[in-house]
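The values are calculated or read from the model by the stated rules, or taken from the named source; none is laboratory data. This one's a predicted model, so the numbers in the text were calculated from it and none came from an experiment. Note: ideal-geometry Cβ built from the backbone for every residue, glycine included; neighbour counts use all protein chains shown.
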Amino acid sequence: MPGAAELFASGVAVITGAGAGIGAGLARRAGELGMTVVVTDIDLARAQAVAGEIVAAGGTADALRVDVSRAEELDRLAETVHARHGDVRLLVNNAGIETIGYTWEIPAERWDATLNINIHGVVHGVRAFAPQMLASGQQAWIANLASMGALSVMPCQTAYIMTKHAVQSFSECLYLEMQLKQAPIHVCSVLPGMLKTSIFEESAGAGEPPSAAGHRRKMFEMMREYGMDLAEGCALILDQIAEGRFWIHTQPEMSMPALESRIEFFRSQQPPVLNEAVRDLVD
Ligand SMILES: NC(=O)c1ccc[n+]([C@@H]2O[C@H](COP(=O)([O-])OP(=O)(O)OC[C@H]3O[C@@H](n4cnc5c(N)ncnc54)[C@H](O)[C@@H]3O)[C@@H](O)[C@H]2O)c1
């Protein structure tokens with residue numbers, strides 16, 4: 001079976017939120033393999049820097065400013081990419097933000113941003129790109145970034161967790177829709193454990209309630225200490241996408257126990273139980 005080195009040696013990859021973190025890591029890896037990478041981010045300077053690195057390393061890349069929380073920007077992106085580069089082989093709906101705080105303390109604007117970026121960004125990425133992918137009749141891949149958080153719950157990361165549960169179910173339904181259409185489009189759900197990125201940086205929490213600061217700082221430190229190397233994690237993700245897997249894990253040793261306890265929770269039909277260790281994060 002051909003792997004990432006063959007399948008992603010050419011063709012167009014479009015990645016959202018690719019100015020930093022996992023999106024940037026996937027963009028660099030796709031560029032290394034030989035794809036034409038469309039690096040998009042709400043922060044154009046960041047997207048241009050990543051595209052510049054890809055080009056400097058001998059690859060091909062384009063940078064565009066796209067805010068995934070705005071459906072019309074994803075429509076425009078699909079039109080631009082198709083006009084400039086032709087059919088898309090790999091779409092990664094990656095852009096996402098973490099939001100911390102008690103549900104009732106998070107301002108409405110931050111709730112809206114979290115739901116719009118993490119859920120609508122994925123939905124409208126698919127809505128904008130899938131018609132052309134289907135019309136081309138070519139084999140293509142759509143990877144949606146869920147999280148290990150799609151398999152568990154966590155108080156005071158409620159906003160984030162619920163969006164990841166939504167992305168997980170969205171990807172499952174989308175996978176089945178492609179089956180109904182007998183389309184050669186591989187849909188997958190990416191569930192990273194913990195990769196070293198900027199998601200817990202202080203600046204990424206702008207708009208969260210002040211009470212979230214300590215929790216965010218502890219998550220930042222935990223990621224710095226235990227997070228997986230970004231390039232290593234992104235190479236693992238692209239390899240598994242190429243294998244045509246639906247479930248994509250970077251650290252199964254973290255996600256599988258979470259999955260087991262979720263299954264047990266459903267079976268038991270008992271109310272949720274607070275893990276006392278969580279108090280240390282939240283207090
Ligand atoms: N890092 C991890 O360990 C981890 C674990 C599980 C899931 N994830 C998921 O992976 C994805 C990427 O996370 P990351 O850790 O690389 O984050 P990151 O904060 O390092 O990078 C996110 C990028 O998205 C961009 N972005 C933010 N809002 C945007 C918008 N409205 N439109 C377009 N771009 C926008 C940011 O500018 C940034 O460049 C997210 O969906 C996240 O939930 C990450």
**Q.** Hey, Gly214 over 23 Å from Val126 (Cβ atoms) and touching a Leu at 6+ places or on another chain (Cβ under 6 Å) or not
**A.** no
Q: Output the number of residues of the range 123-154 satisfying the condition of being in contact (Cβ under 8 Å) with a residue 24 or more places away in the chain and touching a helix residue (DSSP H, G or I) at 6+ places or on another chain (Cβ under 6 Å).
A: 17
Q: Tell me, please, whether a residue that is of a type in the set (Val, Ile, Thr), within 11 Å of the ligand (Cβ to nearest atom) and within 25 Å of Ser10 (Cβ to Cβ) can be found in the range 154-171.
A: no
Q.
Can you pull out every residue in the range 2-48 that is within 8 Å of the ligand (Cβ to nearest atom), among the β-branched types (Val, Ile, Thr) and not in a helix (DSSP H, G or I)?
A. Thr16, Thr40, Ile42
Q: Being crowded, with 20+ Cβ neighbours inside 10 Å and either more than 29 Å from Trp111 (Cα to Cα) or at pLDDT below 95 (or both) is the filter here, so list the residues in the range 158-185 that pass it.
A: Ile185
Q: Give the range 122-143 a look and list any residue that's in contact with a Phe, Trp or Tyr (Cβ under 8 Å, 6 or more places away or on another chain) and surrounded by 24 or more Cβ atoms within 10 Å (Cβ to Cβ), or say none.
A: Val122, Ile142
Q) Does the range 180-187 contain at least one residue that is under 29 Å from Trp141 (Cα atoms) and part of a helix (DSSP H, G or I)? A) yes
Q.
Take the conditions surrounded by 19 or more Cβ atoms within 10 Å (Cβ to Cβ) and either more than 23 Å from the chain's Cα centre (by Cα) or part of a helix (DSSP H, G or I) (or both) and apply them to Ile241. Does it pass?
A. yes
Q) Among the candidates Met228, Met223, Met219, which residue alone is near the ligand (Cβ under 9 Å from one of its atoms), within 18 Å of Ile161 (Cα to Cα), surrounded by 15 or more Cβ atoms within 10 Å (Cβ to Cβ) and modelled with pLDDT of 95 or more? A) Met223
Q) Does the range 61-84 contain at least one residue that is over 16 Å from Ala18 (Cβ atoms) and touching a Lys or Arg at 6+ places or on another chain (Cβ under 6 Å)? A) no
Q.
Residue under question is Ala51, and the condition is that it be touching a Phe, Trp or Tyr at 6+ places or on another chain (Cβ under 6 Å), modelled with pLDDT of 95 or more, surrounded by 16 or more Cβ atoms within 10 Å (Cβ to Cβ) and part of a helix (DSSP H, G or I); does it hold?
A. no
